[in-house]
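Working notes for the structure below.
The values are calculated or read from the model by the stated rules, or taken from the named source; none is laboratory data. A quick note: this is a predicted structure, and the numbers were derived from the prediction, not measured. Glycine also receives a Cβ, built like all others from the backbone with ideal geometry; neighbour counts cover every protein chain displayed. Note: accessible area is taken over every heavy atom of the protein model, side chains too, but ligands, DNA and RNA are not part of it. Shrake-Rupley method; radii C 1.70, N 1.55, O 1.52, S 1.80 Å.
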Amino acid sequence: MNIEAAISSLKSSLCTEVDVGGLFARSKIAHKWKTPWRSLLLHESIAWRIQELLEQSLLLSQNEGLLGARILLSPRRSD
């Protein structure tokens, strides 16, 4: 599988809507579903951000912007 297909597959599998009713149906006690709700939102936002970074890095590398692609994908060091 090539990179374009993998990124396209990732994008098509991302969640476009989070159903709070489904979480509430699991537990009717509000304090028990706030944490799963927040963790689900965090998970989905990170997945979308990773997909965006991969897309931008691919575009940069295809246009010979290898330094830009490397900067986008390199982890930040705190030392």
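Looking at Phe24 and the list (1) surrounded by 12 or more Cβ atoms within 10 Å (Cβ to Cβ); (2) at pLDDT 80 or above, which single condition is not satisfied?
Only one criterion is unmet by Phe24, namely (2).
Cβ-Cβ distance below 7 Å, separation of 6 or more or different chains: which pairs start in the range 39-59 with a residue that is within 13 Å of Cys15 (Cα to Cα) and end on one that is open to solvent by 40 Å² or more (accessible area, probe 1.4 Å) and in a helix (DSSP H, G or I)?
Gln51/Leu10; Gln51/Lys11
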